[in-house]
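Asker: Attaching a single structure in structure tokens format; questions to follow.
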Amino acid sequence: MALRTQVGIVGAGPAGLVLAQLLHQAGIDSIILEARAREYVQERVRAGVLEQGTADLLDSMGLGERMHREGIVHHGIYLRFRRQSHRIPMSELTDGRSIWIYGQQEVVKDLIEARLAAGQQLYFEVSDVTPHGFDGDSPRLSFSRGGESEEIECDVIAGCDGFHGVCRPAIPDGALTIYNHEYPFGWLGILARVAPSTDELIYTNHERGFALHSLRSPELSRLYVQCDPHDDIARWPDERIWEEMHARFATEDGWKLDEGPIVEKGITPMRSFVAQPMQYGRLYLAGDAAHIVPPTGAKGLNLAVHDVKLLAEALTRWYESGDDSLLRGYSDACLRRVWRVQHFSWWMTSMLHRLGGADDFENQLQLAQLDYVTTSRAAMTTLAENYVG
Ligand code: RFL
Ligand code: PHB
């Protein structure tokens with residue numbers, strides 16, 4: 001017998017989990033199907049920066065308790081170039097707005113715990129998830145669980161299954177316009193068991209390439225260096241990683257980067273991607289399933305959360321009054337912010353990375369832009385406004 005729910009959600013990343021929680025609070029029933037195991041989803045190291053609006057939303061959902069205890073509020077960031085650091089006082093420039101340092105996997109843990117504590121349905125380790133019938137009015141999700149084939153009948157499907165998911169490819173050819181931009185570099189990221197060497201994030205433009213010093217807690221540092229996206233992580237023993245970090249973060253005034261045991265490392269390619277519209281019939285895409293931004297602006301998770309906030313509002317309106325105007329306008333409403341964030345993320349990426357051009361012209365332009373952004377209050381405010389969201 002088929003299972004039945006109101007909203008069938010594919011993917012238990014931030015998008016799927018926040019959507020499910022918002023719907024639950026509005027009295028709307030959903031089932032989440034997740035391909036991976038709970039432990040895998042909870043341990044995947046990814047984003048670390050929450051915009052004020054994301055943190056406020058988690059708070060309003062009653063999920064902010066641990067974030068307030070363990071998260072760290074930052075009021076500024078540093079841009080480092082020509083071996084000097086320049087602080088962008090974000091809160092001062094944005095009427096007191098700030099960002100939270102709280103790992104994506106911590107957000108995901110809090111959401112999964114809330115979902116299961118409320119007795120709501122979330123199936124891990126399912127396979128062969130396939131959306132059907134979403135061009136009509138009887139959408140279904142077929143899948144396998146423990147070797148058995150099962151099916152969910154629902155009113156709508158939410159494709160929150162990330163960039164490599166099955167929902168976006170299920171939309172017929174020609175219905176989506178795809179914008180895709182790949183960068184000729186990636187990020188090598190590490191998590192190191194050592195106190196951060198900085199009080200706020202440092203974004204560095206260096207002739208050897210970009211570097212970022214972030215953190216997770218008073219004992220855990222998160223650092224990235226620009227690298228070849230096709231490089232093999234085996235070619236990066238710990239000594240080589242630290243050597244590169246020291247070279248790129250070096251300052252005139254002798255600032256020191258502390259080393260510690262590396263507990264996680266990996267290489268991520270970078271792309272900018274948008275599929276539009278973000279809906280087809282009764283299938284709605286949200287988060288990385290619909291768009292990817294390079295991580296330089298710290299926006300991917302925040303954008304995913306913004307999408308599902310709009311989707312939850314639209315579905316709530318529809319269930320309460322039969323009014324589908326917000327649902328019909330879902331994609332347009334999301335895409336306005338998606339493209340603003342696309343521009344900001346591309347701009348930050350272009351300003352801070354070695355772009356691989358044959359001459360030094362682009363580097364000089366970057367330095368001119370960095371000088372402007374760190375001296376003009378108007379330019380600084382533009383960066384700050386976009387960064388805090
Ligand atoms: P996710 O997190 O990829 O979740 C999708 C979920 O769907 C599951 N799935 C399926 N389930 C069932 N059937 C299928 N066929 C399925 N296919 C996939 C997956 O297992 C997964 O659990 O997408 P979502 O929810 O849209 O969330 C997006 C964010 O995860 C992403 O945008 C951010 O991590 C991006 N990002 C950052 N965002 C920020 O806002 N601030 C940051 O500081 C930041 N730093 C980063 C980042 C991403 C990074 N990487 C590794 C890509 C730093 C890095 C290095
Ligand atoms: C992180 O802490 O993982 C992080 C911070 C800022 C970024 C990207 C990633 O822009």
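Asker: Might you let me know whether the stretch 294-312 holds any residue that is more than 15 Å from ligand 1 (Cβ to nearest atom) and of a type in the set (S, T, Y)?
Answerer: no
Asker: On to the next question. Hey, could you check the stretch 250-268 for residues that are touching a Phe, Trp or Tyr at 6+ places or on another chain (Cβ under 6 Å) and more than 27 Å from P184 (Cα to Cα) and say which is least open to solvent (accessible area, probe 1.4 Å)?
Answerer: L257
Asker: Anything in the stretch 10-41 that is near ligand 1 (Cβ under 10 Å from one of its atoms), outside any loop (DSSP other than H, G, I, E, B) and under 18 Å from the mean Cα position of the chain (by Cα)? List them, or say none.
Answerer: V10, P14, A15, G16, L17, V18, L19, Y40, V41
Asker: Can you tell me which of G389, G356 is touching a strand residue (DSSP E or B) at 6+ places or on another chain (Cβ under 8 Å), surrounded by fewer than 17 Cβ atoms within 10 Å (Cβ to Cβ) and either closer than 19 Å to G297 by Cα or not acidic (D, E) (or both)?
Answerer: None of the other options fit; the residue is G356.
Asker: Taking the conditions exactly as written (part of a helix (DSSP H, G or I), under 30 Å from P139 (Cα atoms) and among the β-branched types (V, I, T)), does V373 satisfy them or not?
Answerer: It is false that V373 is part of a helix (DSSP H, G or I), under 30 Å from P139 (Cα atoms) and among the β-branched types (V, I, T).
Asker: Restricted to the stretch 43-62, and to residues that are in contact (Cβ under 8 Å) with a residue 12 or more places away in the chain and more than 16 Å from ligand 2 (Cβ to nearest atom), which residue is surrounded by the fewest Cβ atoms within 10 Å (Cβ to Cβ)?
Answerer: At the first step, the residues of the stretch 43-62 found to be in contact (Cβ under 8 Å) with a residue 12 or more places away in the chain are 43-55, 57-58, 61-62.
So of that shortlist, the ones also more than 16 Å from ligand 2 (Cβ to nearest atom) come out as 53, 57-58, 61-62.
Values: G53: 15, L57: 21, L58: 25, M61: 16, G62: 11.
So, considering only residues that are in contact (Cβ under 8 Å) with a residue 12 or more places away in the chain and more than 16 Å from ligand 2 (Cβ to nearest atom), the one surrounded by the fewest Cβ atoms within 10 Å (Cβ to Cβ) is G62.
Asker: Only residues that are in contact (Cβ under 8 Å) with a residue 60 or more places away in the chain, open to solvent by less than 20 Å² (accessible area, probe 1.4 Å) and not acidic (D, E): list them for the stretch 300-315, please.
Answerer: L301, N302, A304, V305, V308, L311, A312, L315
Asker: Another question about this same structure. Scan E219, E153 and give me the residue that is touching a Gly at 6+ places or on another chain (Cβ under 9 Å), assigned by TED's automatic domain parsing to the domain that holds L19, open to solvent by 30 Å² or more (accessible area, probe 1.4 Å) and in contact (Cβ under 8 Å) with a residue 12 or more places away in the chain.
Answerer: Sole residue among the options that is touching a Gly at 6+ places or on another chain (Cβ under 9 Å), assigned by TED's automatic domain parsing to the domain that holds L19, open to solvent by 30 Å² or more (accessible area, probe 1.4 Å) and in contact (Cβ under 8 Å) with a residue 12 or more places away in the chain: E153.
Asker: Follow-up. Would you say A289 is outside the structural domain of H164 (by TED's automatic domain parsing), more than 16 Å from ligand 2 (Cβ to nearest atom) and open to solvent by less than 60 Å² (accessible area, probe 1.4 Å)?
Answerer: When the stated conditions are applied, A289 does not pass them.
Asker: Identify, please: which residue in the stretch 93-133 is within 15 Å of ligand 1 (Cβ to nearest atom) and part of a loop (DSSP other than H, G, I, E, B) and is, among those, surrounded by the most Cβ atoms within 10 Å (Cβ to Cβ)?
Answerer: Here the answer is Y102.
Asker: Exactly one condition in (1) more than 16 Å from ligand 2 (Cβ to nearest atom); (2) open to solvent by 50 Å² or more (accessible area, probe 1.4 Å); (3) more than 22 Å from I77 (Cα to Cα); (4) charged (D, E, K, R) is false for R271; which is it?
Answerer: Looking at each condition in turn, R271 falls short on (1).
The values are calculated or read from the model by the stated rules, or taken from the named source; none is laboratory data. If you're wondering where the values come from, they're calculated on a predicted model, not measured in any experiment. Glycine gets a Cβ as well: all are built from the backbone with ideal geometry, and neighbour counts include every protein chain shown. With ligands, DNA and RNA removed, areas are computed over all heavy atoms of the protein, side chains included. Shrake-Rupley method; radii C 1.70, N 1.55, O 1.52, S 1.80 Å.
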